[in-house]
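Below you'll find the structure, written out as structure tokens, and then a few comments.
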Amino acid sequence: MLKTMSVEHSISIQQIRDTLGTCPFDPHMIKILNELHKDQGAIHIISDANTMFIETILEHNGVGECVTSIISNPAKLTKENEVEYLHITKLCGEVEESKHGCTTCPINMCKGEIVDKLVKEKDPNGITVYVGDGGNDYCAVRRLDLNYDFVFARKGFVLEKKLKNDHLLDNDHVFLWNDWKELYQLFVSNGLINS
Ligand SMILES: [Zn+2]
């Protein structure tokens, strides 16, 4: 199923791009992305937004090249009679055959299944570091091996509550963070990036 948004040329998709470009990244977030990239870590963004929004924001902040892959709802731009259209399709279709197999995640995206696939593809000696905040991040977190892997959950959001309910906040590899500076410092103190 296509969800289509059309925008008159005079208030064009360029304007959406420009607006997205004004979303400032915290300098510590940029530092984290640059450091991980320098250390040859693979960075995957898994998001229920769409690929165009994420690509645009990353590029405006000069970190597009740091990111290995963006796994999100696919966005495509087309132009007809001087009108630009932004087509956003669901990552997993609504028809039963293409739906993911998870019963707890939203129909269009199971972050757990995505993480499972990425973990299988990675260097077997490498670890996985997961940063998230939403309820749909919990399915992904449950796929990790917390003896080796790390989870950084943003304080005050649903992921924290779900981790707390399952007593996972006591785990040595699970951390809470308030802002990007704190996340950066936690990455440094855990030896995940060099200061
Ligand atoms: Zn799931």
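We did not get these values from a lab; they are worked out from the coordinates using the rules stated. Not measured: the values here are computed from a predicted model. For neighbour counting, all protein chains shown are included, and Cβ atoms are generated from backbone atoms with ideal geometry for every residue, glycine included.
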Query raised in the report: GluC sites (Glu not before Pro), restricted to the range 18-113: which are DSSP loop and have at most 13 other Cβ atoms within 10 Å?
Result: Glu82, Glu94
Query raised in the report: To the nearest 10 degrees, how steeply does helix 27-38 sit against the main Cα axis of the chain, on a 0 to 90 scale?
Result: 80 degrees
Requested in this report: For Val131, list long-range residues whose amide hydrogen, built 1.01 Å from N in the peptide plane, is under 5 Å from its own amide hydrogen.
Outcome: Phe152
Query - Contour excess over end-to-end distance, with Cα ends at Phe157 and Thr103 and 0.36 nm allotted per residue - result: 17.3 nm
**Report entry** Computed [θ] at 222 nm, deg cm²/dmol, the chain (DSSP H ≥ 4; -39,500 (n - 2.57); rounded to nearest 500)
**Finding:** -9500 deg cm²/dmol
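Which length gain, in nm to one decimal place, applies between Ile127 and Ala42 when the Cα-Cα distance is subtracted from 0.36 nm times their residue separation?
29.5 nm
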Report summary line: Counting sequence-distant residues (5 or more places) and residues on other chains, those with an amide H built under 5 Å from that of Ile71 are Ile45, Ile46, Ser47
Report task. For the range 13-189, give the share of DSSP beta bridges that are antiparallel, in percent and rounded to the nearest 5; count only bridges with both residues there. Result -> 35 percent
Report summary line: Stretched fully, the stretch from Lys120 through Tyr148 gains (0.36 nm per residue minus C-alpha distance, one decimal, in nm) 8.6 nm
Query raised in the report: Hey, rough spin-label estimate for Glu82 and Leu186, points 7 angstrom out along Cα→Cβ, what's it come to in nanometres?
Result: 5.2 nm
Requested in this report: Using only alpha carbon pairs under 8 Å that are at least six residues apart, calculate the relative contact order of the range 43-195 and give it in whole percent.
Outcome: 13 percent
Query raised in the report: Out of residues 5 or more away from Ile193 or on other chains, whose amide H comes under 5 Å of its own, with H placed 1.01 Å from N in the peptide plane?
Result: Val188
